[in-house]
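The values are calculated or read from the model by the stated rules, or taken from the named source; none is laboratory data. Source: prediction; values computed, not measured. Positions of Cβ are backbone-derived with ideal geometry, glycine not excepted, and every protein chain shown enters the neighbour counts. Areas reflect the complete protein model, heavy atoms only, side chains present, ligands, DNA and RNA absent. Shrake-Rupley method; radii C 1.70, N 1.55, O 1.52, S 1.80 Å.
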Amino acid sequence: MSRDTTRQQMDKLALDVAIEEAEKGLAEGGIPIGAALIDPDGNIVARGHNRRVQTDDPTSHGETDCIRNAGRRRDWHTLTMATTLSPCAMCTGTAILHRIPRLVIGENKTFMGREDWLRAEGVEIVLMDDPRCKKLMDDFIKAHPEVWNEDIGVPGS
């Protein structure tokens, strides 16, 4: 099996875990955004989901929850993060701060985060355009536009 095929399989595995996390967050009454971190061998080292609604913590996005769950590490520079949605400025900054070199993004149609900043910092972006991720967000935004607008900082929502 080629290195590219193996990497694609690991990316899909990580995104599948991120989607499981997004679905878990939705089932808890929260926003369906999930994330997972994998090591170079494809092992899941952490997972998390947006808990902003559940914990009343505006910084508890899927990516930050995942990074919190990873704990203290010295191997950030070897990991890949998968996230169901293009990361906002806060989550992008967290990934850059920890020097995570690759991000697998489920979709960026419902929200375009700071992919420009990630690229400027040399982060490799793999955009999956996954219909499951898009459906989760489309359905949630339609049902709860005020919660979504609050999450992304739209004034007056």
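Brief remarks follow.
- Criterion violated by Val147 - all others in (1) open to solvent by less than 60 Å² (accessible area, probe 1.4 Å); (2) in a helix (DSSP H, G or I); (3) at pLDDT 95 or above satisfied: (3)
- Region 45-75, subset among the β-branched types (Val, Ile, Thr) and surrounded by fewer than 15 Cβ atoms within 10 Å (Cβ to Cβ), residue farthest from Asp4 (Cα to Cα): Thr55
- Which numbered condition Ile125 fails, given (1) among the aliphatic types (A, V, I, L, M); (2) closer than 23 Å to Ala27 by Cα; (3) surrounded by fewer than 16 Cβ atoms within 10 Å (Cβ to Cβ): (2)
- For region 2-35, the set of residues classified as closer than 17 Å to Leu136 by Cβ, part of a helix (DSSP H, G or I) and open to solvent by less than 80 Å² (accessible area, probe 1.4 Å) consists of Ala14, Leu15, Asp16, Val17, Ala18, Ile19, Glu21, Ala22, Gly25, Leu26, listed by residue number.
- The residues in region 135-144 that are in a helix (DSSP H, G or I) and either open to solvent by 70 Å² or more (accessible area, probe 1.4 Å) or without any contact (Cβ under 8 Å) to a residue 24 or more places away in the chain (or both) can be counted, and the count is 4.
- Meets criteria (closer than 16 Å to Val17 by Cα, in contact with a His (Cβ under 9 Å, 6 or more places away or on another chain), crowded, with 17+ Cβ neighbours inside 10 Å and among the β-branched types (Val, Ile, Thr)) for Ile38: no
- Filtered residues of region 96-113 (kept if more than 14 Å from Ile38 (Cα to Cα) and crowded, with 19+ Cβ neighbours inside 10 Å): Gly106, Glu107, Gly113
- Where Ala46 falls short, out of the listed (1) among the hydrophobic types (A, V, I, L, M, F, W, C); (2) farther than 19 Å from Lys134 by Cα; (3) part of a loop (DSSP other than H, G, I, E, B): (3)
- Of all residues making up region 76-95, the number that are open to solvent by 10 Å² or more (accessible area, probe 1.4 Å), part of a loop (DSSP other than H, G, I, E, B) and touching a strand residue (DSSP E or B) at 6+ places or on another chain (Cβ under 8 Å): 0
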